[in-house]
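Colleague: First, the structure itself, so that you have it in front of you.
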Amino acid sequence: MTKIALVTGGTRGIGEAISKKLKNDGHTVVVNYGSNEEAAKDFSEQNNIDAYKCDVGDYDSCSKMISKIYDKYKTIDILVNNAGITRDAPLHKMTQENWKRVVDVNLNSVFNITSLVINKMREEQYGRIVHISSVNGQKGQFGQTNYAATKSALIGFSKSLALESAIKNITSNVVCPGYINTEMVAAIREDILKSIVDTIPAKRLGESDEIAELVSYLVSDKAQYINGSTLSINGGLWMD
(Lines give C-alpha, C1' and ligand atoms only; values in the text may rest on other atoms or scores of the structure.)
Protein backbone atom coordinates (compact mmCIF):
# COMPACT_ATOMS: atom_id res chain seq x y z
CA MET A 1 0.00 0.00 0.00
CA THR A 2 1.34 3.44 -0.93
CA LYS A 3 2.45 5.56 2.01
CA ILE A 4 3.09 9.29 2.24
CA ALA A 5 6.71 9.97 3.20
CA LEU A 6 8.29 13.26 4.26
CA VAL A 7 12.08 13.59 4.08
CA THR A 8 13.58 16.72 5.61
CA GLY A 9 16.66 18.03 3.84
CA GLY A 10 15.53 15.71 1.09
CA THR A 11 16.88 17.34 -2.08
CA ARG A 12 20.63 16.83 -1.71
CA GLY A 13 23.17 14.32 -0.43
CA ILE A 14 21.89 11.50 1.74
CA GLY A 15 18.42 13.02 1.80
CA GLU A 16 18.22 13.00 -1.98
CA ALA A 17 19.17 9.31 -2.11
CA ILE A 18 16.56 8.46 0.54
CA SER A 19 13.86 10.41 -1.27
CA LYS A 20 14.55 8.68 -4.57
CA LYS A 21 14.67 5.23 -2.97
CA LEU A 22 11.37 5.68 -1.15
CA LYS A 23 9.75 6.89 -4.36
CA ASN A 24 11.13 3.85 -6.23
CA ASP A 25 9.68 1.70 -3.46
CA GLY A 26 6.26 2.99 -4.46
CA HIS A 27 5.71 5.61 -1.77
CA THR A 28 4.48 9.14 -2.43
CA VAL A 29 7.39 11.31 -1.32
CA VAL A 30 7.47 14.97 -0.33
CA VAL A 31 10.64 16.74 0.71
CA ASN A 32 11.74 19.78 2.62
CA TYR A 33 14.61 22.10 1.78
CA GLY A 34 16.05 25.10 3.54
CA SER A 35 17.62 27.57 1.13
CA ASN A 36 18.93 26.27 -2.19
CA GLU A 37 16.00 27.17 -4.44
CA GLU A 38 17.70 26.18 -7.68
CA ALA A 39 18.77 22.73 -6.46
CA ALA A 40 15.31 22.11 -5.00
CA LYS A 41 13.58 23.12 -8.22
CA ASP A 42 15.81 20.85 -10.30
CA PHE A 43 15.28 17.95 -7.90
CA SER A 44 11.51 18.42 -7.87
CA GLU A 45 11.20 18.60 -11.65
CA GLN A 46 13.54 15.69 -12.33
CA ASN A 47 11.93 13.36 -9.81
CA ASN A 48 8.31 14.57 -9.81
CA ILE A 49 8.50 15.09 -6.04
CA ASP A 50 6.95 18.09 -4.29
CA ALA A 51 9.51 20.20 -2.42
CA TYR A 52 8.51 22.57 0.39
CA LYS A 53 10.76 25.38 1.59
CA CYS A 54 10.91 25.61 5.35
CA ASP A 55 13.33 26.57 8.12
CA VAL A 56 13.10 23.36 10.11
CA GLY A 57 14.65 25.09 13.11
CA ASP A 58 11.62 27.39 13.38
CA TYR A 59 8.42 25.86 14.81
CA ASP A 60 6.00 28.22 13.05
CA SER A 61 7.65 27.60 9.69
CA CYS A 62 7.37 23.85 10.26
CA SER A 63 3.73 24.14 11.28
CA LYS A 64 2.86 25.98 8.08
CA MET A 65 4.68 23.38 5.96
CA ILE A 66 2.99 20.42 7.66
CA SER A 67 -0.41 22.09 7.19
CA LYS A 68 0.26 22.45 3.46
CA ILE A 69 1.27 18.80 3.20
CA TYR A 70 -1.83 17.67 5.11
CA ASP A 71 -4.03 19.86 2.90
CA LYS A 72 -2.77 18.07 -0.20
CA TYR A 73 -1.90 14.57 1.00
CA LYS A 74 -4.12 14.22 4.12
CA THR A 75 -1.51 12.34 6.13
CA ILE A 76 2.17 11.60 6.69
CA ASP A 77 2.90 7.92 7.30
CA ILE A 78 6.70 7.98 7.10
CA LEU A 79 8.99 10.67 8.47
CA VAL A 80 12.73 10.80 7.86
CA ASN A 81 14.40 13.48 9.99
CA ASN A 82 17.46 14.04 7.84
CA ALA A 83 18.04 17.82 7.80
CA GLY A 84 21.37 18.82 9.26
CA ILE A 85 24.21 21.34 9.04
CA THR A 86 27.73 21.80 10.41
CA ARG A 87 29.35 24.90 11.84
CA ASP A 88 32.66 23.45 13.02
CA ALA A 89 35.08 24.95 15.54
CA PRO A 90 36.71 23.86 18.79
CA LEU A 91 34.54 24.88 21.74
CA HIS A 92 36.99 27.56 22.87
CA LYS A 93 36.54 29.24 19.49
CA MET A 94 32.85 28.48 18.89
CA THR A 95 30.41 31.37 18.73
CA GLN A 96 27.04 31.26 20.42
CA GLU A 97 25.47 31.87 17.01
CA ASN A 98 27.05 28.75 15.50
CA TRP A 99 26.14 26.66 18.54
CA LYS A 100 22.52 27.78 18.44
CA ARG A 101 22.07 27.40 14.69
CA VAL A 102 23.33 23.81 14.68
CA VAL A 103 21.10 22.95 17.65
CA ASP A 104 18.11 24.55 15.92
CA VAL A 105 18.56 22.79 12.58
CA ASN A 106 19.84 19.41 13.76
CA LEU A 107 17.91 18.89 16.99
CA ASN A 108 15.09 21.37 17.54
CA SER A 109 13.91 20.57 14.02
CA VAL A 110 13.31 16.97 15.08
CA PHE A 111 11.03 18.14 17.88
CA ASN A 112 9.32 20.64 15.57
CA ILE A 113 8.52 18.22 12.76
CA THR A 114 7.91 15.07 14.81
CA SER A 115 5.64 16.77 17.34
CA LEU A 116 3.55 18.12 14.47
CA VAL A 117 2.94 14.67 12.93
CA ILE A 118 2.94 12.30 15.90
CA ASN A 119 -0.66 12.89 16.99
CA LYS A 120 -2.04 12.03 13.55
CA MET A 121 0.16 8.93 13.42
CA ARG A 122 -1.22 7.92 16.82
CA GLU A 123 -4.79 8.48 15.63
CA GLU A 124 -4.16 6.33 12.57
CA GLN A 125 -2.17 3.82 14.61
CA TYR A 126 0.63 3.73 12.09
CA GLY A 127 3.93 5.52 11.66
CA ARG A 128 7.53 4.92 10.63
CA ILE A 129 10.06 7.47 11.86
CA VAL A 130 13.79 7.39 11.10
CA HIS A 131 16.28 9.90 12.45
CA ILE A 132 19.57 10.38 10.61
CA SER A 133 22.31 10.79 13.20
CA SER A 134 26.07 10.35 12.65
CA VAL A 135 29.05 8.29 13.71
CA ASN A 136 30.31 11.51 15.30
CA GLY A 137 27.26 11.51 17.54
CA GLN A 138 28.45 8.13 18.80
CA LYS A 139 32.16 8.72 19.19
CA GLY A 140 32.57 12.51 19.21
CA GLN A 141 34.77 14.54 16.89
CA PHE A 142 37.29 17.32 17.34
CA GLY A 143 35.74 20.68 16.45
CA GLN A 144 32.18 19.36 16.54
CA THR A 145 30.86 19.75 20.08
CA ASN A 146 27.74 21.36 18.62
CA TYR A 147 27.18 18.82 15.84
CA ALA A 148 28.07 15.77 17.94
CA ALA A 149 25.81 16.94 20.78
CA THR A 150 22.81 17.21 18.47
CA LYS A 151 23.44 13.89 16.74
CA SER A 152 23.93 12.10 20.05
CA ALA A 153 20.72 13.63 21.40
CA LEU A 154 18.73 12.09 18.53
CA ILE A 155 19.45 8.65 19.97
CA GLY A 156 17.88 9.45 23.34
CA PHE A 157 14.98 11.22 21.63
CA SER A 158 14.30 8.24 19.38
CA LYS A 159 14.42 5.65 22.16
CA SER A 160 12.02 7.65 24.31
CA LEU A 161 9.67 8.18 21.38
CA ALA A 162 9.73 4.45 20.63
CA LEU A 163 8.71 3.67 24.21
CA GLU A 164 5.85 6.16 24.02
CA SER A 165 4.56 5.13 20.60
CA ALA A 166 5.12 1.39 20.10
CA ILE A 167 1.62 0.59 21.35
CA LYS A 168 0.27 2.69 18.48
CA ASN A 169 2.21 0.73 15.81
CA ILE A 170 4.73 3.54 15.41
CA THR A 171 8.43 2.80 15.16
CA SER A 172 11.27 5.22 15.83
CA ASN A 173 14.81 4.25 14.88
CA VAL A 174 18.16 5.95 14.32
CA VAL A 175 20.63 5.49 11.47
CA CYS A 176 24.20 6.62 12.15
CA PRO A 177 26.14 7.03 8.89
CA GLY A 178 29.89 7.26 8.84
CA TYR A 179 31.74 9.31 6.24
CA ILE A 180 29.57 9.28 3.13
CA ASN A 181 30.51 10.45 -0.35
CA THR A 182 28.47 13.67 -0.37
CA GLU A 183 29.13 17.33 -1.17
CA MET A 184 29.70 18.00 2.54
CA VAL A 185 32.43 15.37 2.80
CA ALA A 186 33.91 16.28 -0.58
CA ALA A 187 34.52 19.78 0.77
CA ILE A 188 37.00 18.40 3.32
CA ARG A 189 40.62 19.18 2.42
CA GLU A 190 42.08 16.34 0.38
CA ASP A 191 44.87 15.40 2.78
CA ILE A 192 42.52 15.42 5.76
CA LEU A 193 39.96 13.31 3.89
CA LYS A 194 42.67 10.78 3.01
CA SER A 195 43.68 10.53 6.66
CA ILE A 196 40.04 9.88 7.57
CA VAL A 197 39.63 7.15 4.95
CA ASP A 198 42.83 5.52 6.21
CA THR A 199 41.15 5.01 9.60
CA ILE A 200 38.10 3.27 8.09
CA PRO A 201 38.54 -0.53 8.02
CA ALA A 202 36.64 -0.69 4.70
CA LYS A 203 39.15 1.84 3.28
CA ARG A 204 36.50 3.81 1.45
CA LEU A 205 33.73 6.32 1.90
CA GLY A 206 30.19 5.08 2.09
CA GLU A 207 27.63 5.87 -0.60
CA SER A 208 24.34 7.68 -0.08
CA ASP A 209 22.49 4.80 -1.72
CA GLU A 210 23.73 2.48 1.04
CA ILE A 211 22.10 4.70 3.65
CA ALA A 212 18.92 4.89 1.58
CA GLU A 213 18.67 1.09 1.40
CA LEU A 214 18.78 0.83 5.19
CA VAL A 215 16.14 3.54 5.62
CA SER A 216 13.98 1.80 3.02
CA TYR A 217 14.11 -1.39 5.06
CA LEU A 218 13.36 0.33 8.36
CA VAL A 219 10.16 1.91 7.03
CA SER A 220 8.98 -1.33 5.40
CA ASP A 221 6.62 -3.88 6.89
CA LYS A 222 9.55 -6.29 7.15
CA ALA A 223 11.03 -4.10 9.91
CA GLN A 224 7.90 -3.55 11.99
CA TYR A 225 9.47 -5.28 15.03
CA ILE A 226 12.58 -3.07 14.97
CA ASN A 227 11.93 -0.18 17.34
CA GLY A 228 14.14 2.08 19.43
CA SER A 229 17.23 0.79 17.65
CA THR A 230 20.40 2.60 16.60
CA LEU A 231 21.97 1.18 13.46
CA SER A 232 25.52 2.06 12.46
CA ILE A 233 26.61 2.11 8.83
CA ASN A 234 30.20 3.31 8.80
CA GLY A 235 32.48 0.71 7.22
CA GLY A 236 33.67 -0.42 10.64
CA LEU A 237 34.94 3.01 11.71
CA TRP A 238 33.08 2.79 15.04
CA MET A 239 31.77 -0.41 16.57
CA ASP A 240 29.41 -0.02 19.51
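The values are calculated or read from the model by the stated rules, or taken from the named source; none is laboratory data. Just so we're clear, the structure is a prediction, and the values are computed from it rather than from any experiment. Note that each Cβ is placed from the backbone with ideal geometry, even for glycine, and that neighbours are counted across all protein chains shown.
Colleague: For region 35-53, check the following and say yes or no: at least one residue is crowded, with 17+ Cβ neighbours inside 10 Å, of a type in the set (A, V, I, L, M), in contact with a Phe, Trp or Tyr (Cβ under 9 Å, 6 or more places away or on another chain) and touching a residue at least 40 places away in the same chain (Cβ under 8 Å).
Modeller: yes
Colleague: Out of all the residues in region 15-27, is one or more without any contact (Cβ under 8 Å) to a residue 60 or more places away in the chain, of a type outside the set (A, V, I, L, M, F, W, C) and surrounded by fewer than 15 Cβ atoms within 10 Å (Cβ to Cβ)?
Modeller: yes
Colleague: Considering only region 1-35, state which residues are outside any helix (DSSP H, G or I), out of contact with any Asp or Glu (no Cβ under 7 Å at 6 or more places or on another chain) and over 22 Å from SER133 (Cα atoms).
Modeller: Answer for region 1-35, where residues must be outside any helix (DSSP H, G or I), out of contact with any Asp or Glu (no Cβ under 7 Å at 6 or more places or on another chain) and over 22 Å from SER133 (Cα atoms): MET1, THR2, ASP25, GLY26, HIS27, THR28.
Colleague: Follow-up question, since we're still on this one. For region 130-170, enumerate the residues that are among the β-branched types (Val, Ile, Thr) and closer than 12 Å to THR86 by Cβ.
Modeller: Correct list: THR145, THR150.
Colleague: Mind checking which pairs have a first residue in region 214-240 that is surrounded by 14 or more Cβ atoms within 10 Å (Cβ to Cβ) and modelled with pLDDT of 95 or more and a second that is part of a loop (DSSP other than H, G, I, E, B) and not basic (Lys, Arg), Cβ under 6 Å, 6 or more apart or different chains?
Modeller: Between residues of region 214-240 that are surrounded by 14 or more Cβ atoms within 10 Å (Cβ to Cβ) and modelled with pLDDT of 95 or more and residues that are part of a loop (DSSP other than H, G, I, E, B) and not basic (Lys, Arg), the close pairs are SER216/ASP25; ASN234/GLY178; GLY235/GLY178; GLY235/ILE200; GLY235/ALA202; LEU237/GLY178; LEU237/ILE200.
Colleague: Which pairs do you get when a residue that is outside any loop (DSSP other than H, G, I, E, B), found in region 83-97, comes within reach of a residue that is modelled with pLDDT of 95 or more, reach meaning Cβ atoms under 8 angstrom, with the pair 6+ apart or on two chains?
Modeller: From region 83-97, the pairs are LEU91/THR145.
Colleague: Of the residues that make up region 182-194, is at least one in contact with a Phe, Trp or Tyr (Cβ under 6 Å, 6 or more places away or on another chain), surrounded by fewer than 21 Cβ atoms within 10 Å (Cβ to Cβ) and of a type in the set (A, V, I, L, M)?
Modeller: Yes, that holds for at least one residue.
Colleague: Being under 14 Å from the mean Cα position of the chain (by Cα) and not basic (Lys, Arg) is true for just one of ASN106, ASN48, ASN146. Which residue is that?
Modeller: ASN106
Colleague: Mind counting the residues in region 62-82 that are part of a helix (DSSP H, G or I) and of a type outside the set (Gly, Ala, Ser)?
Modeller: Final tally of qualifying residues: 10.
Colleague: Now for a separate question. In region 118-148, what residues are in a helix (DSSP H, G or I) and in contact with a Phe, Trp or Tyr (Cβ under 9 Å, 6 or more places away or on another chain)?
Modeller: Scanning region 118-148 gives LYS120, VAL135, ASN136, GLY137, GLN138, LYS139, THR145, ASN146.
Colleague: Output the number of the condition that LYS23 fails; it satisfies all remaining conditions of (1) within 17 Å of the chain's Cα centre (by Cα); (2) over 30 Å from GLY178 (Cβ atoms).
Modeller: Just one mismatch for LYS23, condition (2).
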